[in-house]
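See structure below.
The values are calculated or read from the model by the stated rules, or taken from the named source; none is laboratory data. Note that this is a predicted model, so its numbers are computed, not measured. Note that we place each Cβ from the backbone using ideal geometry, even for glycine, and neighbour counts take in every protein chain shown.
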Amino acid sequence: MASPGMAESRRRPVLFLDFDGVLHPTLCLEAEHFCRRPLFEEVMRRFPAVRIVVSSSWRHHFTLERLRPCFSGDIAERIDDTTPLWVPGGPANRFEEIMAFVRSRSLDEAGWLALDDSAFEFPRGCANLVLCDGRFGLADDSAMQLAGRLALMTGKP
């Protein structure tokens, strides 16, 4: 039988986070990496119960221990894990990776969002996707959409 803490953890909302096209424009200089991080962190600080899981392709090249320092300390400590690597080349790969993570952790299938710029990585009309324009990364409009969706999930305005 699962402990109450484990059951609570399964109910906590999860944000699956992409980096390229979200935390910075897809095609940017290395010096611009994470230029949209302050806006992302500002939104996430309003929803401290939301856990973060890295779904970005950066997880192919960097360990979680290497990725956490890219964020402010309070946000870094909420980054729990990375999604599993999926067989490349199929449609909706990122979605499949996320669903594998959700199933492996027995998470609430409605209790997650993905912040990503690649619509093709998800089924058409995926209700769990908050889409960014990869040319700019997270912008005010997508940040507002993220905040609104997190508010609905957490019951916190």
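Let's see how each residue does on (1) in a helix (DSSP H, G or I); (2) more than 19 Å from His60 (Cα to Cα):
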residue	(1), (2)
Trp86	no, no
Arg94	yes, no
Ala127	no, yes
Met144	yes, yes
Met153	yes, yes
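Residues checked against (1) modelled with pLDDT under 95; (2) in contact with a strand residue (DSSP E or B) (Cβ under 7 Å, 6 or more places away or on another chain):
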residue: Ile79; (1), (2): no, yes
residue: Glu97; (1), (2): yes, no
residue: Ala100; (1), (2): yes, no
residue: Leu107; (1), (2): yes, yes
residue: Asp133; (1), (2): no, no
* To do: Could you tell me which of the residues Asp108, Asp80 is surrounded by fewer than 17 Cβ atoms within 10 Å (Cβ to Cβ), assigned to a strand (DSSP E or B) and at negative phi?
  => Asp80
* What number goes with the only condition from (1) in contact with a Cys (Cβ under 7 Å, 6 or more places away or on another chain); (2) polar (S, T, N, Q); (3) farther than 21 Å from Phe47 by Cβ that Asn93 does not pass? -> (1)
* Report whether or not Arg135 is in a helix (DSSP H, G or I) and basic (Lys, Arg). => no
* Structure fact -> Scanning the stretch 15-28 for residues that are among the hydrophobic types (A, V, I, L, M, F, W, C) and under 18 Å from Asn93 (Cβ atoms), the one surrounded by the most Cβ atoms within 10 Å (Cβ to Cβ) turns out to be Val22
* Asked: Which of the residues spanning the stretch 133-157 are on the phi > 0 side of the Ramachandran plot and surrounded by 18 or more Cβ atoms within 10 Å (Cβ to Cβ)?
  -> Gly137
* Asked: Give me the pairs: first residue in the stretch 47-76 and at negative phi and assigned to a helix (DSSP H, G or I), second residue surrounded by 18 or more Cβ atoms within 10 Å (Cβ to Cβ) and hydroxyl-bearing (Ser, Thr, Tyr), beta-carbon distance under 6 Å, and six or more apart or on different chains, which are they?
  -> Arg59/Thr82; Leu64/Thr82
* Hey, among the residues in the stretch 111-132 that are aromatic (Phe, Trp, Tyr) and surrounded by 15 or more Cβ atoms within 10 Å (Cβ to Cβ), which one's nearest to Val43 (Cα to Cα)? -> Trp112
* Asked: Can you tell me which of Asp81, Asp108, Asp140 is touching a residue at least 60 places away in the same chain (Cβ under 8 Å) and closer than 18 Å to Ile52 by Cα?
  -> Asp108
